[in-house]
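What follows is one structure encoded as structure tokens, with my remarks underneath.
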Amino acid sequence: LGLISDKLGLEGGFWSFIGEMNDNLANFGFAVVGIFLMSWLISTVLYKAKGYDSLQINRS
């Protein structure tokens, strides 16, 4: 998207955001990893809080 923005001279809030993300690609990677870790943590807490780890499985 950054290349498209540069070649076509696109401007605006969205394109500015894309340009900043291209300039700080490492920060984008940290954000993705942070979102992944927070999702995993929230999932684990909900799994334990709802007691899914102690469900009985009935096999027929």
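Taking the numbered list (1) open to solvent by less than 100 Å² (accessible area, probe 1.4 Å); (2) among the hydrophobic types (A, V, I, L, M, F, W, C); (3) under 14 Å from the mean Cα position of the chain (by Cα) in turn, LEU46 passes all entries but (3).
Yes or no, residue by residue, for (1) outside any helix (DSSP H, G or I); (2) touching a strand residue (DSSP E or B) at 6+ places or on another chain (Cβ under 6 Å); (3) surrounded by fewer than 11 Cβ atoms within 10 Å (Cβ to Cβ):
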{"position": "LYS7", "(1), (2), (3)": "no, no, yes"}
{"position": "LEU10", "(1), (2), (3)": "yes, no, no"}
{"position": "PHE17", "(1), (2), (3)": "no, no, no"}
{"position": "ASN22", "(1), (2), (3)": "no, no, no"}
{"position": "PHE28", "(1), (2), (3)": "no, no, no"}
{"position": "ALA31", "(1), (2), (3)": "no, no, no"}
{"position": "ILE42", "(1), (2), (3)": "no, no, yes"}
{"position": "GLN56", "(1), (2), (3)": "yes, no, yes"}
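The values are calculated or read from the model by the stated rules, or taken from the named source; none is laboratory data. These numbers were taken from a predicted model, which means no experiment stands behind them. Here Cβ is always computed from backbone atoms with ideal geometry, including for glycine, and neighbour counts include all displayed protein chains. Accessible surface is based on the protein model in full, side chains and every heavy atom, while ligands, DNA and RNA are left aside. Shrake-Rupley method; radii C 1.70, N 1.55, O 1.52, S 1.80 Å.
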